[in-house]
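Visitor: Dumping the structure here so I can ask a few things about it.
Each reported figure results from applying straightforward, stated rules to the coordinates on display, with no laboratory input. In this text the structure is predicted, and so the values were computed from the model without any measurement. When we count neighbours, we look across all protein chains shown, and the Cβ atoms used for this are built from the backbone with ideal geometry, even at glycine.
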Amino acid sequence: MQHFPEWRYSPETYLLASLLHDIGTTEDNMKNTQLSFEFQGGIQALNLLTQNGAPQSAAESVCETIIRHQDVGETGNISTLTAVIHFATLLDNAGANPELVHKETIENVVKAYPRDGWTGCFAATVRKESKVKPWSHTTKIEGFAEMVEANETMRPYD
């Protein structure tokens, strides 16, 4: 909000998308579907939120954001919520755009919620999905696991 004050999105919907965006990467979800983890996760989030009384617009926004949270690129349009998730995910997993978040903020978040080797864990998840599902959407990002492992921004906190 500091860098893009004109962007409008619901903080509650952002929280839900943040909490649920990788739900499709769990062991059960990876082995129980042929879907790429983003698609499985989006469908699960939509069902979960709808069944628990979330407004349809919020549930659908979270679903779309989860499905598209790895659709990074230079063409096409995405929702504001998806753009915010892109920034957060790319910072967390690839170290991109660190200038958008103050170093003290990163340190405070990591102190409260340690990464506990997240970089290696996520790189392994990327490799696993790419091996088990060679058609998966994860394969769209060439050299993705290596990019995650080369994350210099978050390396000190892993």
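Visitor: For the chain: lysine pairs with Cα atoms under 29 Å, gap of 8 or more or different chains, count?
Guide: Numbers: Lys31/Lys128; Lys31/Lys131; Lys31/Lys133; Lys31/Lys140; Lys103/Lys111; Lys111/Lys128; Lys128/Lys140; Lys131/Lys140.
Pairs that pass both the separation and distance tests number 8.
Visitor: Give the residues of the range 7-40 whose amide nitrogen is closer than 19 Å to a point set 7 Å from the Cα of Gln56 in the direction of its Cβ.
Guide: Counting backbone N atoms under 19 Å from the label point, the list is 13.
Visitor: Using only Cα atoms, what Kirkwood radius does the chain have, in angstroms?
Guide: 16.4
Visitor: Given a Förster distance of 22 angstrom, what is the FRET efficiency for Glu152 paired with Leu15, based on the Cβ-Cβ distance and rounded to 0.05? Walk me through the numbers before you get to the answer.
Guide: Values: r = 28 Å, r/R0 = 1.27.
Efficiency at R0 = 22 Å is approximately 0.20.
Visitor: What is the gain in length, in nm to one decimal, between Glu142 and Tyr113 on full extension, counting 0.36 nm per residue of separation less the C-alpha to C-alpha distance? Let's see the in-between values first.
Guide: Details: separation 29, 0.36 × 29 = 10.44 nm, distance 2.92 nm.
Using 0.36 nm per residue and subtracting the Cα-Cα distance, I get 7.5 nm.
Visitor: Let me ask you something else. Using θ = phi - 60° and the Karplus relation 6.51 cos²θ - 1.76 cosθ + 1.60, list the HN-Hα couplings for the range 56-68 in order, rounded to whole Hz, with x at every Gly or Pro.
Guide: 4, 5, 5, 4, 5, 5, 5, 4, 4, 4, 5, 4, 9
Visitor: I've got another one for you. Using label points projected 7 Å from each Cα along Cα→Cβ, tell me how many nm separate Leu100 and Asp71, to one decimal.
Guide: 1.7
Visitor: Which FRET efficiency value, to the nearest 0.05, is calculated for Asn47 and Phe4 with the Förster distance at 30 angstrom and r the Cβ-Cβ distance?
Guide: Values: r = 31 Å, r/R0 = 1.03.
After rounding to 0.05, the efficiency reads 0.45.
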